[in-house]
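Reviewing the structure listed below.
The values are calculated or read from the model by the stated rules, or taken from the named source; none is laboratory data. Source: prediction; values computed, not measured. All Cβ positions, even for glycine, are placed from backbone atoms using ideal geometry, and neighbour counts span all protein chains on display. With ligands, DNA and RNA removed, areas are computed over all heavy atoms of the protein, side chains included. Shrake-Rupley method; radii C 1.70, N 1.55, O 1.52, S 1.80 Å.
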Amino acid sequence: MTLQKKPHVAIIGAGWAGLSAAIRLHEAGLQVTVFESAHTLGGRARRVLSPSLRSSIDNGQHLLLGAYTETLALLHRLGLPPEQQFQRCRLTLQSADGRFRLKAAPLPAPAHLAWAILAARGLPWRDKWRMASLHWRLRQQRWQTPVGMTVLQWLRENRQSETLIGKVWHPLCIAALNTPVDQACAQLFAHVLRDSTGAQAWASDLLIPRTDLSDLWPDHIPAGIARHTGQTIRQLEAQEDGVLVDGRPFDAAVVAANAPAAARLLSSLQAPKSATGASDAAAGYLAQLQAFEFLPIATLTLQLDAPWRLPFPMLMLSEDASRGHYGQWLFERSRFIPGGDDNTMLSIVISNAGLLAGQDKDELVRAMTEQVREQTRDTGPMPAVQSADLIVEKRATFAATPGLLRPGNSTPWPRIWCAGDWTDTGYPGVLEGAVISGRRAAEDIVSSQR
Ligand SMILES: Cc1cc2nc3c(=O)[nH]c(=O)nc-3n(C[C@H](O)[C@H](O)[C@H](O)COP(=O)(O)OP(=O)(O)OC[C@H]3O[C@@H](n4cnc5c(N)ncnc54)[C@H](O)[C@@H]3O)c2cc1C
């Protein structure tokens, strides 16, 4: 396809993928218009107003890694220095009760990790050895795991003990893939390890946003990108030399909605007639989109009535579903937020939160507050909870299971591309994957002009 000079591209969806595509296209000199159903930019990583807390919070606590180099480069290009937008901490996995701690040393890789494992608190020596040798073996195997294996099968095959799985691998897997070890894809998990703990020491740093997720960068996209929020696109129509987006003509479109919404929009198009087998390709692409399954993430935000300091801004909680103790990670939310110096806000994250469905919200808040109070006993008494908000994102990420076929950015329909964390990025459903996907879709469009 050859696009005309200064082509006009419609982006449908202002999540991190859509906005990443918009910026790249704008930088390449194309005209860009973004359409977004919601009133806020950011998609699944955005600011929301909490009526019960009477303040703006995020739809869910997010954590980034030093390895998210595309996202960090994007912030730089927008004039938002990452060191201003994030609190960067050395990799630290620390349980709220203080019994377990693994902290990367301020040394170059791989000594930073070797030291962390050697000096880990709460792990027997044989588990330290097993953990280190698994990491070493994985590196030797060029970060490849056997095809079709779940994380649990792979861990067992590599003689990881139940203690190690429970204390280290399960929390890491659920945080990175939002999929439990017995269902999660070992290869995707290995990719995360390759780019974080297996890379330079800074790649495994933890990056905690200092501001809300929309203000982190989506609100700061260049003014030259036209945006229409509160506008849901319902129909795409293929034209001879362009695409109609709810009746408005564009030279090309990037569908950057989540997989089910993208499938709905693409189904509104007629099957492409251009090439033999094109309609089969269209049916195949739609079938891949429809095959995704989704898992929820819940975030409980607690407003305390007095300041409180945790020993580290992010602590691991032990789960006990029989007591309603579903919390997995505890974040000291206000420590790094400007104006949040009073340290009165906590976030409790529950990945793969399907068990919360249908349960009484007040009871969940009570049980998880008790969980935090109980497990942080040694930190000093937790102040009383003034107000709370529990947000459950039902389709937080796709289930990152083995054998999942993920579509690419280009589609069988001419002039239409897709972007989203669900495209074939090699990552699970994470922010960095979304940013990479948006950039790739934009680069395809730009190169299609040449
Ligand atoms: C609670 C929670 C916690 C998470 N934690 C982390 C974390 O710690 N680290 C991490 O890396 N990732 C995390 N993730 C995953 C991360 O948020 C996603 O990978 C990322 O935001 C996906 O971006 P996206 O642009 O691909 O999709 P989305 O953000 O879903 O963007 C799609 C956009 O399209 C819009 N849209 C859909 N249909 C239409 C239409 N017809 N017309 C107009 N607009 C439309 C939607 O409103 C949405 O804004 C978390 C996700 C959640 C929900």
request  = Report whether or not Gly60 is assigned to a loop (DSSP other than H, G, I, E, B) and surrounded by 15 or more Cβ atoms within 10 Å (Cβ to Cβ).
outcome  = yes
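Which residue is nearest to the chain's Cα centre (by Cα), if the candidates are limited to segment 18-37 and must be of a type in the set (Gly, Ala, Ser) and surrounded by fewer than 18 Cβ atoms within 10 Å (Cβ to Cβ)?
Filtering segment 18-37 for residues that are of a type in the set (Gly, Ala, Ser) and surrounded by fewer than 18 Cβ atoms within 10 Å (Cβ to Cβ), the one nearest to the chain's Cα centre (by Cα) comes out as Ser37.
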query = In this structure, is Arg373 within 13 Å of the ligand (Cβ to nearest atom), outside any loop (DSSP other than H, G, I, E, B), surrounded by fewer than 21 Cβ atoms within 10 Å (Cβ to Cβ) and not polar (S, T, N, Q)?
reply = no
ask   = When you go through (1) open to solvent by 10 Å² or more (accessible area, probe 1.4 Å); (2) touching a Ser or Thr at 6+ places or on another chain (Cβ under 7 Å); (3) free of Cβ contacts under 8 Å to residues at least 40 places away in the same chain one by one for Trp154, which number turns out not to apply?
value = (1)
Candidates Ala419, Ala367, Ala400 - the one that is touching a residue at least 24 places away in the same chain (Cβ under 8 Å), touching a Ser or Thr at 6+ places or on another chain (Cβ under 8 Å), open to solvent by less than 10 Å² (accessible area, probe 1.4 Å) and more than 30 Å from Gln449 (Cβ to Cβ) = Ala400
ask   = Could you count how many residues in segment 43-57 are near the ligand (Cβ under 7 Å from one of its atoms) and open to solvent by less than 10 Å² (accessible area, probe 1.4 Å)?
value = 1
message = Given the condition under 26 Å from the mean Cα position of the chain (by Cα) and modelled with pLDDT under 95, answer yes or no: does some residue in segment 366-375 qualify?
response = no
Only listed residue being part of a loop (DSSP other than H, G, I, E, B) and within 16 Å of the ligand (Cβ to nearest atom), chosen from Pro428, Pro412, Pro383 = Pro428
query = Within segment 70-92, which residues are open to solvent by 40 Å² or more (accessible area, probe 1.4 Å) and within 13 Å of the ligand (Cβ to nearest atom)?
reply = Glu70
key: Within segment 116-148, considering residues that are assigned to a loop (DSSP other than H, G, I, E, B) and open to solvent by 40 Å² or more (accessible area, probe 1.4 Å), the one farthest from Cys185 (Cα to Cα)   = Ala119
message = Just checking, does segment 292-310 include any residue being within 23 Å of the chain's Cα centre (by Cα), of a type in the set (Gly, Ala, Ser) and open to solvent by 20 Å² or more (accessible area, probe 1.4 Å)?
response = no
Total residues in segment 228-263, condition open to solvent by 20 Å² or more (accessible area, probe 1.4 Å) and more than 11 Å from the ligand (Cβ to nearest atom) = 10
query = Taking Val48, is it outside the structural domain of Pro260 (by TED's automatic domain parsing), farther than 26 Å from Ala199 by Cβ and within 23 Å of the chain's Cα centre (by Cα)?
reply = yes
key: Hits in segment 194-210 - residues which are in contact with a strand residue (DSSP E or B) (Cβ under 9 Å, 6 or more places away or on another chain) and either modelled with pLDDT of 95 or more or buried (at least 20 other Cβ atoms within 10 Å of the Cβ) (or both)   = Asp195, Ser196, Trp202, Ala203, Ser204, Asp205, Leu206, Leu207, Ile208, Pro209
message = Yes or no: segment 274-286 includes at least one residue that is within 30 Å of Gly15 (Cα to Cα), assigned to a strand (DSSP E or B) and open to solvent by less than 20 Å² (accessible area, probe 1.4 Å).
response = no
